[in-house]
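Trainee: Below is one structure. I have some questions about it.
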Amino acid sequence: MKRQRPDVVALKALLVPRAPRLDFWRARVERAQTIGDLRTLARLRTPRAVFDYTDGAADGEVTLARSRELFRALTFHPRILRDVGEVDTTIDLLGRTSALPFALAPTGFTRMMRAEGEPAVARAAERAGIAYALSTMGTTSIEDVAHAAPSVRRWFQLYLWRDRDAGLDFLRRAEAHGYEALVLTVDVPVAGNRLRDAYNGLTIPPQISAKTFLDGALHPAWWFDLITTPPLEFASMHAYGGTVGSLINKMFDPSATIEDLSFLRDHWRGKLIVKGVQRLEDAQSLVGIGVDAIVLSNHGGRQLDRATVPLRLLRSVVEAVGPDTEILIDGGVMSGADIVAALALGAKAVLVGRAYLYGLMAGGEPGVDRAIEILASEVQRTMQLLGVRSMNELDPSFVTLP
């Protein structure tokens, strides 16, 4: 090939220097292209015990690995030559429009990941036009989240407590502050064996040992936030010092039965969602007591290891319960393609948890925005590549599970 002397004018046009950014971490968050990128940043920005609390699962973490692997191993079957110049990502969820086919799942102790905590997540959901579920184990109160994001679709997640009166008090407060749905989590009769937390010596609130002090020296910004913001504690219960597992075993009721769900149905006038179903017959029994939605969930692998992968169970439950009960799914979701696959197999919507927590740890509120943006763009692109213009066009013919 004949060579020529470089064209200085053309070379100058190729050199487009970027303006320097003072906020190094925010720039990195904005450049993140996948939830995996945000996870990498989260690991760098937070102490190991905090990252592991979010990232980890129970025992050998087999359930979490299987959930993610099934999403990776499925096969899409796209249609061709369809007009996908514009696609509609909205869905009807519990009688209202959601701008995207996913909601932000309830997660405990969110301010431990980043000081902004639950209000930052709620505001991000509000901007995105999607629902956010506040956990009973959250670090911001029912009232403060409502004030922080007055227009967000607010759900409140509840466990079955030994103290039934305390549970009813939560319901009254949530109803008074505009929470439209109650998410009753039923797969935690006792705490799962979360080995990473045990090895790291994680307590609530975090205690400074020699190990945590050394780790904190590598993450001074996180520790500065911890000591210069309100105390890190559960907002919906009395102060408690100890491990998450010991708190669960003390406060939650392992003797609860389906009759207790009927009791809550009688006292809650909003939508009722039951989360943690892993068997077909359990889903069918819930339909009989009038629940509005069921979440097929293995708690992100944080409870029983080697548990059912919800995606594998999805089609049989959807076919069995009929159209009057909406079926949602969670567990192992790391991309918008995962979300689209779940909807193709019959899910009404998907709950995402770790994905937005990685964003929160990586960059605070802008990090949650970026996590939602990544998932939304992946949902839209997957729809276009599959040849569908709306979620209503998805059906099981688009996906094969291994």
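The values are calculated or read from the model by the stated rules, or taken from the named source; none is laboratory data. Everything quoted here is computed from the prediction, not taken from an experiment. Cβ sites come from the backbone with ideal geometry, for glycine too, and all protein chains shown count toward neighbours. Surface areas here come from the heavy atoms of the whole protein model, side chains and all, with no ligands, DNA or RNA. Shrake-Rupley method; radii C 1.70, N 1.55, O 1.52, S 1.80 Å.
Trainee: Nearest 5 percent is fine: what portion of the DSSP beta bridges confined to the chain is antiparallel? Intermediate results must be reported in sequence, preceding the final value.
Mentor: Details: 7 of 37 bridges.
Looking only at bridges with both residues in the chain, the antiparallel portion is about 20 percent.
Trainee: Rounded to a whole number, what % of the accessible area of region 55-116 do carbon and sulfur atoms account for, probe 1.4 Å?
Mentor: 48 percent
Trainee: For the chain, what is the number of Lys pairs with C-alpha distance below 29 angstrom, counting only pairs 8 or more positions apart or on separate chains?
Mentor: 6
Trainee: Which one, Phe263, Phe102, Phe234, has the greatest fluctuation when you compute a Gaussian network model over the chain with C-alpha springs under 10 angstrom?
Mentor: Phe263
Trainee: Right, another one. Per DSSP H run of n ≥ 4, the term is -39500 (n - 2.57); total these for the chain, divide by its residue number, and report the mean residue ellipticity at 222 nm rounded to 500 deg cm²/dmol.
Mentor: -13500 deg cm²/dmol
Trainee: Determine ³J(HN,Hα), in whole Hz, for all residues of region 83-88 in sequence, where each value follows from phi through the Karplus function 6.51 cos²θ - 1.76 cosθ + 1.60 and θ = phi - 60°; x replaces Gly and Pro.
Mentor: Whole-Hz 3J(HN,Hα) from phi for region 83-88: 6, 10, x, 10, 10, 10.
Trainee: Given Cα pairs under 8 Å that are at least 6 residues apart, what percent is the relative contact order of the chain?
Mentor: After rounding, I find 28 percent.
Trainee: Normalised by the number of residues in region 252-402, what is the relative contact order in percent for Cα pairs under 8 Å and 6+ residues apart? Let's see the in-between values first.
Mentor: Working: 202 pairs, mean separation 26.1, N = 151.
Worked out over region 252-402, it gives 17 percent.
Trainee: Evaluate the charge dipole of region 273-386 about its Cα centre and quote only its size in Debye, nearest 20, assuming +1 on the Cβ of each Lys and Arg and -1 on the Cβ of each Asp and Glu.
Mentor: Value, rounded to 20: 300 debye.
Trainee: Ranked highest first by the average count of other Cβ atoms within 10 Å around their residues, in what order do 37-50, 269-282, 295-308 fall?
Mentor: On the way: 37-50: 20.9, 269-282: 18.4, 295-308: 23.1.
Result, highest mean first: 295-308, 37-50, 269-282.
Trainee: Which percent of the accessible heavy-atom area of region 351-402 goes to carbon and sulfur, probe 1.4 angstrom?
Mentor: Carbon plus sulfur share of accessible area: 48 percent.
Trainee: What does the accessible area per residue of region 274-402 come to in Å², with a 1.4 Å probe and no ligands, DNA or RNA counted?
Mentor: Working: 4140 Å² over 129 residues.
Computed with neighbouring chains in place, this is 32 Å² per residue.
Trainee: Roughly how many debye, to the nearest 20, is the charge dipole of the chain about its Cα centre, given +1 on each Lys and Arg Cβ, -1 on each Asp and Glu Cβ, and no other charges?
Mentor: It works out to roughly 1760 debye.
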